[in-house]
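Enquirer: Dropping the structure in here first, questions after.
The values are calculated or read from the model by the stated rules, or taken from the named source; none is laboratory data. Values in this document were obtained by computation on a predicted structure and should not be read as measured data. FYI the Cβ positions are ideal-geometry reconstructions off the backbone, even for glycines, and counts take in every protein chain you see. The protein model used for the area step is the full one, side chains on, heavy atoms only, and it has no ligands, DNA or RNA in it. Shrake-Rupley method; radii C 1.70, N 1.55, O 1.52, S 1.80 Å.
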Amino acid sequence: MVEPSPSRSADRSSSCMSITDLDVDSLVHCAAQLNLRDILSMAMSCKYLRTVAYSDSIWQRVVSRKQRPEQISSSFPQASSVREAYPARRTALQKFKFIDPLVAGIPADAKPFDHLILNRGDIISSQGSLVHVREIDGVLSGRESLVTLSGHHAKITCIRLFPLNETSLFRSEIQQNDSALVTSSSDHTIRLWWKGSCLRCFRGHKGPVSILSDKLLGDGDGKIFASGGVDTTIRLWSLGSRGKRGQQALKATLFGHGKPVVLMSVAGDKTSHLVSMSKNSELRVWDTTVSSAVRSSCCVGISTVPGTPVGMKCHESMVYVAAGSSIVGIDLRTMQRAFVAAIRQSEIHSFEMMPSQSLICTGGTRRAMLWDIRQSRDAPKLTKPVSELGGHRGAVTHLHMDPCKIVTGGPEDSFVNVWETSTGMKANSLTCCFGDALNPIPGCSAMAVNRYQIATASCGEQHGCILYRDFQNATWESVTPPFPQGVRGSQL
């Protein structure tokens, strides 16, 4: 019998080797070349590769691409490794717990800011009938980057950004993360903007257009958006219509409200269902797929809440409405109230919620309140907030909420406060604009937050200003200051 040659045996054994047959040092050397996403994927594949992915040498390489590892370790001495310190630092950055963010001040006209949005690389704001789009990289580099959208003839009432890949404007994968800009105005029109130009003007309302749906309605290629107006109607529009004037864009007009429509949100469990609220606090649910000559028959649910409506959010089969001095949760399947949160304030001025953590935040007078709606399982009426976020001089009209932080501000405050979502503890306080003894800082008229970035807008008697901060590469962590921080760090 002929024995197989050693070389053929070696070839056979090498062909059966898997990645886990390599020693840890070899795998660490290879994994050090991966990006963060691939390293995290590697850690989730199996226990052996997780050990490799957790190696400090890999994380030192990842961290060194942005900052020296010893700086991160010294900032978080409680962490036992660079791998533990890295996410701790990223979380602290998202909480704005640093005193040296990148800062840029943008001069503007002395007109009130109605809207302010951070969208990827752009700062979008509106003043009166004009929309201003500024490229952040251009602002930081000092070159002119302002694009003014000037098609409307009256005050802009609402701005929405709809995913481009859900509209007929989508052409290639390069545009996968782009958005289409849609604005409504008191001039009775809605406009669709793309690359600085108005592609379509939607006409049909008999009065000012007050609100746009927060998301597109429907599934597939035939998605539509909704608008509500002072004329008490809701109109459904197709973004796929052709022509500059948007001929045949109007798909339906819904009648039923007796007062101007002020709030709208797409249902969380059925993307074809639209929830609307009128000025007299009447809530209606519409099935936008129903085809009927009598468009009021599209209404599949009606309810009311006490007080003047302030905000509304849908999540799964629930709709949460802030009105008057309370928050009401309504089950859209039965149109019955699931809970009521009674606010110990005379009036709610702003409202945000984070369904993933069952948290709601309300802005009142001189303070905001954080609520846990899971407590409604034990008592249908909530009376005690989780935290009270104080320190404001007047109404808290600006709120942002995400898993890391809550940001609060108002027109009587020259600063915004930053709070930790998990604890309700104050993390920072940031001025809204440049100022000095001769030019005091005006109050905050608009605010936008996006992960590591925050933009605040203020308007004084002689000038307006947008102050942009980016905490992503900040290095000096702060201890919560007793007074609002001025403009510090890397200034432009």
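Enquirer: First select every other residue whose beta carbon is under 15 angstrom from the beta carbon of VAL139; then total the charges, Lys and Arg +1, Asp and Glu -1.
Expert: Working: positive: ARG120, ARG134, ARG143, ARG469; negative: ASP122, GLU135, ASP137, GLU144, ASP470.
Net charge around VAL139: -1.
Enquirer: Could you sort out which of LYS97/LYS426; LYS215/LYS259; LYS270/LYS313; LYS97/LYS405 sit more than 20 Å apart by Cα distance in this structure?
Expert: Details: LYS97/LYS426 10 Å; LYS215/LYS259 23 Å; LYS270/LYS313 14 Å; LYS97/LYS405 10 Å.
With Cα atoms farther than 20 Å apart: LYS215/LYS259.
Enquirer: If you take the C-alpha gyration tensor of the range 318-358, multiply each eigenvalue by 5 and take the square root, what semi-axes do you get, largest first, in whole Å? Working shown, then result.
Expert: Numbers: eigenvalues 70, 34, 13 Å².
Its equivalent ellipsoid spans semi-axes of 19, 13, 8 Å.
Enquirer: Report the net charge of residues surrounding ALA92, where surrounding means a beta-carbon distance below 12 angstrom and charges are Lys +1, Arg +1, Asp -1, Glu -1.
Expert: Values: positive: ARG89, ARG90, LYS95, LYS97, LYS405; negative: GLU420, GLU477.
Once positives and negatives cancel, what remains is +3.
Enquirer: Semi-axes of the equivalent ellipsoid of the range 102-212: what are they in whole Å, largest first, if each equals the square root of 5 times a C-alpha gyration tensor eigenvalue?
Expert: Values: eigenvalues 109, 81, 21 Å².
So the equivalent ellipsoid measures 23, 20, 10 Å along its semi-axes.
Enquirer: Semi-axes of the range 264-353's equivalent ellipsoid from the Cα gyration tensor, sqrt of 5 times each eigenvalue, largest first, rounded to whole Å? It would help to have the intermediate numbers written out before the result.
Expert: Numbers: eigenvalues 118, 34, 22 Å².
Working through the eigenvalues yields semi-axes of 24, 13, 10 Å.
Enquirer: Provide the packing ranking of 43-49, 254-260, i.e. peptides ordered by the mean count of other C-beta atoms within 10 Å per residue, highest first.
Expert: Details: 43-49: 13.1, 254-260: 17.6.
So the order, starting with the most tightly packed, is 254-260, 43-49.
Enquirer: How about LYS155: which lysines have a C-alpha closer than 20 Å to its C-alpha, ignoring those fewer than 8 places off in the same chain?
Expert: The reachable lysines, counting only those whose Cα sits under 20 Å from LYS155, are LYS111, LYS206, LYS279.
Enquirer: What number comes out for accessible area per residue over the range 155-202 if the probe is 1.4 Å? Units Å², please.
Expert: On the way: 1980 Å² over 48 residues.
Value returned for the range 155-202: 41 Å² of accessible area per residue.
Enquirer: If Lys and Arg each add +1 and Asp and Glu each add -1, what is the summed charge of the other residues whose beta carbon sits under 13 Å from the beta carbon of LYS313? Can you show the working numbers first?
Expert: Numbers: positive: LYS215; negative: ASP214, GLU316, GLU352.
In short, -2.
Enquirer: Mind jotting down the distance between the C-alpha centroids of the range 24-57 and the range 119-192, whole Å?
Expert: 41
Enquirer: Another one. Roughly how much of CYS30 is accessible, in Å² to the nearest 10, using a 1.4 Å probe?
Expert: 80
Enquirer: Here is a further query. Within the range 176-234, list the trypsin sites (Lys or Arg not before Pro) lying in a DSSP loop whose Cβ has at most 13 other Cβ atoms in a 10 Å radius.
Expert: Working: sites: ARG191, LYS195, ARG200, ARG203, LYS206, LYS215, LYS223; in loops: LYS195, LYS206, LYS215, LYS223.
Here the trypsin sites (Lys or Arg not before Pro) that fit, given the DSSP loop and packing criteria, are LYS195, LYS206.
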